[in-house]
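A.B. asks: I'd like to ask some things about the structure below.
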Amino acid sequence: MKPEIKRYTAEVGGRTVTFETGKLAHQAGGAVTVELDEAMVFAATTMSDKAREGIDFLPMSVNYEERMYAGGRIPGSFFRREGRPHNEAILTSRLIDRPLRPLFPKGMRNDIQVLIYSLSADDNPLDILALNASSAALTISNIPWDGPVGAVRIGRVNEEFVINPTFAEMEVSDLDLRLAGTKEAILMVECGADEVPEDVMVKALELGHASIQPLIEAQSRMAAEVGKPKDEPIVSVTDEALEVKVYDYISGPMTELVAKPLSKDEFYSGMDDLKAQTVEAMLAEDKELAEKDIKNAFGTAEKKIVRERILSAGKRPDGRGPKDIRPIWCELDISPRAHGSAIFTRGETQALTVATLGTLRDAQALDNLTPEKERRYMHHYNFPPFCTGEVRMMRGTSRREVGHGSLAERALLPVIPAKEDFPYSIRLVSEIMDSNGSSSMASVCGSTLSLMATGVPIKAPVSGIAMGLVTDGKRYHILSDILGTEDHLGDMDFKVTGTEKGITALQMDIKVSGLSAELMAEALTQSHEGRMHIMGEMMKTIDAPRPELKRHVPRVTTMTIPVGKIGAIIGPGGKTIRAIQDETGVRLDIEEDGTIFISATDGEAEAMARQRIESLTESAELGRIYTGRVVRVTDFGAFIEILPNMDGLVHISQLDSVRINSVEDVAKVGDEITVMVTNIDAGGKIRLSRKAVLEGWTVEEAIANDQPRGGGGNRGGGNRGGGNRSGGRNSNRR
């Protein structure tokens, strides 16, 4: 019997988003498909029956799996099936996880899994649909969760906002803002922008929150009609009496500790010592207590004391005021052989960013469901254990590293020069050497310095800052340049990057019930002040891109040839282009529009390659004199190669000023003779005259005295293989 299928719709930005349940995956806790036009994603979520013991976090996994069949494509991998998720899928998984996780009951320890598949792909991005589908699956499931969540994308085309823009609209948009939230509050923001002003960003956030309301309402209707009863969550219970006892015991010494301006090591060492003393004292008083419960109570007390000091006195754990930025120092050219390198250090956070320039052939090929097929600017971020003084297993690139690298990449993308102006692929690698808060923003600043040190003509320098918030609902302080502790204990993690002109990237996660537009505007204004201070410190080291690339960087120049001549450069099976590269030592990249990028280590090699290309693409000119090689002799004349793969016929009557009996009296195969072009017919066949050169004819005289060919003369020259001779070479063959 076919199950009952339920469909619910929401109008968002003048378009219909459809939620459907009841057709697929009936054994999952909750399963939903979401459609927009011909785009469709599926999400299913389940929860384990038992809670995991011995952990202090919610064990939830979110996996967005992009199925290439959704776009009618076969995967390009060797196995022709989907394998390890590519970066875009990982970033989508992180995008979904961030707004969902805060809405589970505090202390819940059941395993939760959310799986999302792409089922159909058109011109609509699938990430926002995947987030809405995940929320809907949780909303109608048996899993305890305080949703639903709605999500939209906001673009801006010709200074007009567009809700859920298509890929085509995003191509001309100067804003790509993805926002998720509940009915009351924004929970997550991920944004890339082309130097968008702060006041415009606030308006986009307000529009985004208003636009998610129909999606939330549709999911609420689903829950009311088809939602399963929610299971009782299994949560770790806190001992309120113990929390009060621990707070009373440590409030004095901890207040004294946080009143000192401490380094990261001093702060954490002091906290560890105080925690050990507290555990010992509490166990001495009551041996029935569990050590983990005492430590949990200690963490609650620490959060309360640190936050209260910030709220009441505006004093932070390292002694700074709310707007103060930690000391900054920078240095360039750390690696003598790298194309560009820079260190950016802010307080106890340090990033070493190294730049490498390659040819356009080095661009990253992409195999996904977006229109983007390659990426010539890449940013990679590495966070080794030593940067926090820890030891841990190295298991490859983490999702966090992928996310931070993407944020830094997005921050600098608007200032990267177009390939027409700077024909290089660019790779940046940020190695985090020390970390105590906002290492991703340090990588942005280090990347700007590294690019300018390399000589990349970026449009403007970019700086970044991580902002925080501490509030009790009545009082609040916005914090600039937050520490790791402030990120952990605070209510907001708000990363902003940009130029002096405007914002280039924004990432925000909010833990409180809601932020007013006024508070968001204040946070953005304060972030601008902080960014400009950081920018000023960076500019003391280097204030503009160097005028010349370092000597180890390959020089890339461009030239343009007619599209019809591309085949002449490539040659049969790529033989010609390989020969040019082998003989000159350059690398050649040819675009479909006839643009050729020449990458060479020295000017002589570049000039040699350019000369070879010009000779291969040159066309014969009427009246021009050429010195060519005899490639074939017949009774009626000689064929002369005047340009590579291009020959013409000199009739026997045009070989000399006097009558000759045999062509070979004047021209033998392999001889070089000088001739003038006297005719090029509609088919491209070329007639030549040696007599015109010997007698010094003008162009007009040569054309007027051009002799029609007798006998077999009409089998004259032209582009070899163009129909004049079987088996000849064709300069237009690819």
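A.B. asks: Run down A259, A313 and say which single residue is modelled with pLDDT of 85 or more and either of a type in the set (S, T, N, Q) or farther than 27 Å from L58 by Cβ (or both).
C.D. replies: Selected residue: A313, the only one of A259, A313 that is modelled with pLDDT of 85 or more and either of a type in the set (S, T, N, Q) or farther than 27 Å from L58 by Cβ (or both).
A.B. asks: Against the conditions (1) of a type in the set (V, I, T); (2) surrounded by 19 or more Cβ atoms within 10 Å (Cβ to Cβ); (3) closer than 30 Å to A338 by Cα, where does I642 fall short? Just the number, please.
C.D. replies: Condition (3) is where I642 drops out.
A.B. asks: Which members of region 613-648 meet the condition of being in contact with a helix residue (DSSP H, G or I) (Cβ under 7 Å, 6 or more places away or on another chain) and part of a strand (DSSP E or B)?
C.D. replies: I625, V633, G637, A638, L643
A.B. asks: Right, something else. Among the residues of region 387-421, how many are closer than 19 Å to L360 by Cβ and within 13 Å of the chain's Cα centre (by Cα)?
C.D. replies: 4
A.B. asks: If I ask for residues that are of a type in the set (G, A, S), within 34 Å of the chain's Cα centre (by Cα) and farther than 13 Å from I561 by Cα, which ones from region 579-594 would you list?
C.D. replies: Passing the criteria: only G585.
Yes/no per residue for (1) crowded, with 17+ Cβ neighbours inside 10 Å; (2) touching a helix residue (DSSP H, G or I) at 6+ places or on another chain (Cβ under 9 Å); (3) of a type in the set (S, T, N, Q); (4) not in a helix (DSSP H, G or I):
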| residue | (1), (2), (3), (4) |
| --- | --- |
| E302 | yes, yes, no, no |
| L311 | no, no, no, no |
| I325 | yes, yes, no, yes |
| P336 | no, no, no, yes |
| L352 | yes, yes, no, yes |
| L357 | yes, yes, no, yes |
| G396 | no, no, no, yes |
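A.B. asks: Answer yes if at least one residue in region 273-281 is in contact (Cβ under 8 Å) with a residue 12 or more places away in the chain, over 30 Å from S48 (Cα atoms) and touching a strand residue (DSSP E or B) at 6+ places or on another chain (Cβ under 6 Å), and no otherwise.
C.D. replies: no
A.B. asks: Quick check, is G564 touching a residue at least 12 places away in the same chain (Cβ under 8 Å), surrounded by 18 or more Cβ atoms within 10 Å (Cβ to Cβ) and not aliphatic (A, V, I, L, M)?
C.D. replies: So G564 does not fit the description; no.
A.B. asks: While we're on this one: With A297, A241, A259, A210 as the choices, which residue is under 41 Å from the mean Cα position of the chain (by Cα) and not acidic (D, E)?
C.D. replies: Only one candidate passes the filter, namely A210.
A.B. asks: Would you check if there is a residue in region 540-556 being crowded, with 16+ Cβ neighbours inside 10 Å and in contact with a Cys (Cβ under 6 Å, 6 or more places away or on another chain)?
C.D. replies: yes
A.B. asks: For region 587-607, indicate whether the set of residues that are surrounded by fewer than 17 Cβ atoms within 10 Å (Cβ to Cβ), without any contact (Cβ under 8 Å) to a residue 12 or more places away in the chain and in a helix (DSSP H, G or I) is non-empty.
C.D. replies: Yes, that holds for at least one residue.
A.B. asks: Given the options G710, G670, name the one that is assigned to a loop (DSSP other than H, G, I, E, B), surrounded by fewer than 16 Cβ atoms within 10 Å (Cβ to Cβ) and either modelled with pLDDT of 90 or more or on the phi > 0 side of the Ramachandran plot (or both).
C.D. replies: Only one candidate qualifies: G670.
A.B. asks: Let me ask something else about it. Which of the residues spanning region 306-329 are among the aliphatic types (A, V, I, L, M) and either in contact with a Ser or Thr (Cβ under 8 Å, 6 or more places away or on another chain) or touching a residue at least 12 places away in the same chain (Cβ under 8 Å) (or both)?
C.D. replies: V306, I310, L311, I325, I328
A.B. asks: Filter region 400-437 for residues that are of a type outside the set (D, E) and in contact with a His (Cβ under 8 Å, 6 or more places away or on another chain); which is nearest to E266 (Cα to Cα)?
C.D. replies: Among residues in region 400-437 that are of a type outside the set (D, E) and in contact with a His (Cβ under 8 Å, 6 or more places away or on another chain), the one nearest to E266 (Cα to Cα) is S430.
A.B. asks: Look at region 531-561 and say how many of its residues are hydrophobic (A, V, I, L, M, F, W, C) and part of a helix (DSSP H, G or I).
C.D. replies: Total meeting the criteria: 5.
A.B. asks: Can you tell me which of (1) assigned to a helix (DSSP H, G or I); (2) touching a Leu at 6+ places or on another chain (Cβ under 9 Å); (3) at pLDDT 95 or above is the one A442 doesn't meet?
C.D. replies: (2)
A.B. asks: Okay, next question. Answer yes or no: is there a residue in region 4-14 that is without any contact (Cβ under 8 Å) to a residue 60 or more places away in the chain and of a type outside the set (K, R).
C.D. replies: yes
A.B. asks: What number of residues within region 228-269 are in contact with a Gly (Cβ under 8 Å, 6 or more places away or on another chain), farther than 18 Å from P105 by Cα and surrounded by 12 or more Cβ atoms within 10 Å (Cβ to Cβ)?
C.D. replies: Residues in region 228-269 being in contact with a Gly (Cβ under 8 Å, 6 or more places away or on another chain), farther than 18 Å from P105 by Cα and surrounded by 12 or more Cβ atoms within 10 Å (Cβ to Cβ): 5 in total.
A.B. asks: Which condition from (1) free of Cβ contacts under 8 Å to residues at least 40 places away in the same chain; (2) under 18 Å from L469 (Cβ atoms) is the one that K303 breaks?
C.D. replies: With respect to (1) free of Cβ contacts under 8 Å to residues at least 40 places away in the same chain; (2) under 18 Å from L469 (Cβ atoms), K303 is out only on (1).
A.B. asks: A further question on this structure: For region 464-504: of the residues being under 24 Å from Y268 (Cβ atoms) and hydroxyl-bearing (S, T, Y), which is modelled with the highest pLDDT?
C.D. replies: Filtering first and then ranking leaves S480.
A.B. asks: Filter region 627-644 for residues that are of a type outside the set (A, V, I, L, M, F, W, C) and in contact with an Asp or Glu (Cβ under 9 Å, 6 or more places away or on another chain) and give the result.
C.D. replies: Selection gives T627, G628, R629, R632, E641, P644.
A.B. asks: Output the number of the condition that R546 fails; it satisfies all remaining conditions of (1) in contact with a Ser or Thr (Cβ under 7 Å, 6 or more places away or on another chain); (2) closer than 30 Å to L588 by Cβ; (3) of a type in the set (D, E, K, R).
C.D. replies: The one condition R546 does not meet is (1).
The values are calculated or read from the model by the stated rules, or taken from the named source; none is laboratory data. These figures come from a predicted structure and were not determined experimentally. Cβ: placed from backbone, ideal geometry, glycine included. Neighbour counts: every protein chain shown.
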